[in-house]
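Bear in mind these aren't lab numbers, they're just calculated from the coordinates by the rules spelled out. All of these numbers come straight from a predicted model, not from anything done at the bench. Note that each Cβ is placed from the backbone with ideal geometry, even for glycine, and that neighbours are counted across all protein chains shown.
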Amino acid sequence: MKFFCRVLFTLVWANVLLSSCFAQPQRKRFNALVLFENGGHHIAYSTAATKWLNRLAADSNFSIHYIHNTDSINALLLAQYQLFIQLDYPPYGWKPAAAKAFEQYIEQGKGGWIGFHHASLLGEFDGYPIWPWFRDFMGGIRFVNYIPSFVDGVVTIEDSLHPCFKNIPRQFVISKEEWYTYDKSQRQQVHVLAHVDESSYFPASAIKMGDHPVIWSNTTLAARNIYIFMGHSPELFNNIHYTTLFRNSIFWAAGQVVAPKKNSTIK
């Protein structure tokens, strides 16, 4: 009986070893490229974001690669990625080849894009001119001002059927944000998904722009794309509504969520 048990144990263990040897590594669902500044006053947010992204990528089986400038961006690099996340990186100072490759990536729908916060800092900064294509991509806007004292604000979803808002209430609070203002509302040129209610600012602030979109998508372009203004404080990753929005946006922009019907404005 002991001999039989030893044989059975040996056979079972051998089967386990063989299965391990011949098992194929699980294929990643998609590849994501993340561009962010490795310094400056947004580094605390970016550090929290990369930690959160690494956990999500491991849990959800997608690969993620980080770069800190645009030097390596070209068509060959972007062809390897189904998702480009512009994580607090401004739309100026890009290498010409990088800018051209990015424009083609978006116009031809070669991958999806999520932009945060600093991605809408459109104007003349640090000696660089405004990027006309990116200005149009963001709805023809120009940065005007921000709230340096930081205030809380209530974000109201306008398109609750958009996949990026799954499991998120129609209104939610974002704390300690600087709420950029622009020279006009983007509403005429992009599909506004959510706005901030300026009357909800706490403490109150006189720095306002009226109609104030904070999440939008340019549905005139082939790529699935979404811009999310909120992205300054690392505390955002303690906000379940924000992390749900971020997670939903990743899988939608990467093409992992079925697009709505043709008559919808959602890409």
For TRP131, distant residues with modelled amide H under 5 Å away: GLY123
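Let me know the charge dipole size of the stretch 30-253 about its Cα centre in debye, to the nearest 20, where only the beta-carbon of Lys, Arg (+1) and Asp, Glu (-1) is charged.
Magnitude of the dipole: close to 460 debye.
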Give the distance, in whole Å, between the Cα centre of the stretch 114-136 and the Cα centre of the stretch 46-106. 16 Å
Using alpha carbons only, how many degrees (0 to 90, rounded to 10) separate the axis of helix 2-22 from the longest principal axis of the chain? 40 degrees
List the residues, sorted by chain then number, that are 5 or more residues from TYR146 or on another chain and whose placed amide H is less than 5 Å from its amide H. THR181
From the backbone phi of the stretch 184-194, what are the Karplus-calculated ³J(HN,Hα) couplings (6.51 cos²θ - 1.76 cosθ + 1.60, θ = phi - 60°) in whole Hz, Gly and Pro given as x? 6, 6, 7, 4, 6, 10, 9, 8, 6, 9, 7
Would you mind checking the tilt of helix 240-253 against the longest principal axis of the Cα atoms of the chain, expressed as 0 to 90 degrees and rounded to 10? 80 degrees
The stretch 148-184: GluC sites (Glu not before Pro) in DSSP coil with no more than 13 other Cβ atoms inside 10 Å: none
If you line up the long axis of helix 43-60 against the longest principal axis of the chain, both from Cα atoms, how many degrees apart are they, to the nearest 10? 40 degrees
Which far-off residues, 5 or more places away or on another chain, put their amide H under 5 Å from the one on LEU193, with H placed in the peptide plane? ILE215, TRP216, SER217
Using the structure shown, list the pairs from LYS51/LYS100; LYS28/LYS110; LYS51/LYS166 with a Cα-Cα distance above 25 Å, or answer none. LYS51/LYS100
Through the Karplus equation 6.51 cos²θ - 1.76 cosθ + 1.60, θ set to phi - 60°, convert the phi angles of the stretch 84-101 into ³J(HN,Hα) values in whole Hz; use x for Gly and Pro. 10, 10, 9, 9, 6, 10, x, x, 8, x, 6, 4, x, 5, 5, 4, 5, 5
